[in-house]
Amino acid sequence: MATFDDVRRIGTAFPDVEESTSYGTPSLKVKKKSFCRMWSDREYARDGIDPDDTEVLVVMCDVEEKPALLDEFDVLFSTPHYDGYGAMLVRLADVSDVDLADFLEDAYRQKAPAKLIAILDQASSD
């Protein structure tokens with residue numbers, strides 16, 4: 001079962017990431033742009049999801065790839081609030097570390113400038 005501590009550990013390994021808040025919840029940002037954040041109590045209530053079932057992480061994604069990702073991974077879901085928007089929701093209670101790392105890297109790449117993506121790519125190839 002993943003927690004925001006795992007999100008922080010994975011996400012802060014990417015270049016120039018800082019821990020912050022977004023909409024009053026813990027988030028990770030690159031160059032002041034949020035690429036993931038935790039869901040708030042208001043969002044659980046809005047969408048009728050019991051927060052005791054799982055913590056939910058919002059991760060950025062390519063809006064065109066979103067439907068395929070949602071179909072492929074059972075730990076991902078969306079709500080009407082996110083229809084047509086490049087973000088998907090991750091059930092942290094069910095996600096593996098490998099999938100979480102992949103989702104976070106993809107989200108980071110959505111928001112990071114090309115210079116930082118090049119640094120990430122260089123570190124991956126070393």
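The values are calculated or read from the model by the stated rules, or taken from the named source; none is laboratory data. Worth saying up front: this structure is predicted, and the values here are computed from it rather than measured. Every residue, glycine among them, receives a Cβ derived from its backbone with ideal geometry; neighbour counts consider all protein chains shown.
Assorted remarks:
- Every residue from the range 12-31 that is closer than 13 Å to residue 58 by Cα and surrounded by 15 or more Cβ atoms within 10 Å (Cβ to Cβ): 22, 25, 26, 27, 28, 29
- Selection within the range 71-99: residues that are within 9 Å of the chain's Cα centre (by Cα) and under 22 Å from residue 31 (Cβ atoms). The member of this set that is surrounded by the most Cβ atoms within 10 Å (Cβ to Cβ) is 88.
- Qualifying residue in the range 74-91 (condition: part of a helix (DSSP H, G or I) and among the charged types (D, E, K, R)): no
- Pair list, Cβ under 8 Å, 6 or more apart: the range 109-126 residue among the basic types (Lys, Arg), other residue part of a helix (DSSP H, G or I): 109/117; 109/120
- From the options 115, 66, residue that is more than 19 Å from residue 7 (Cβ to Cβ), among the basic types (Lys, Arg) and surrounded by 16 or more Cβ atoms within 10 Å (Cβ to Cβ): 66
- Residues in the range 80-122 that are among the β-branched types (Val, Ile, Thr) and modelled with pLDDT of 95 or more: 90, 95, 98, 117.
For every residue, the table says whether it meets (1) hydroxyl-bearing (Ser, Thr, Tyr); (2) under 22 Å from residue 12 (Cβ atoms); (3) in contact with a strand residue (DSSP E or B) (Cβ under 7 Å, 6 or more places away or on another chain).
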site: 45; (1), (2), (3): no, no, no
site: 57; (1), (2), (3): no, yes, yes
site: 66; (1), (2), (3): no, no, yes
site: 87; (1), (2), (3): no, yes, yes
site: 90; (1), (2), (3): no, yes, yes
site: 115; (1), (2), (3): no, yes, no
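- Tallying residues that are surrounded by fewer than 16 Cβ atoms within 10 Å (Cβ to Cβ) and either without any contact (Cβ under 8 Å) to a residue 12 or more places away in the chain or under 16 Å from the mean Cα position of the chain (by Cα) (or both) within the range 32-47 yields 5.
- Residue within the range 41-50 that is modelled with pLDDT of 95 or more and not in a strand (DSSP E or B) present: no
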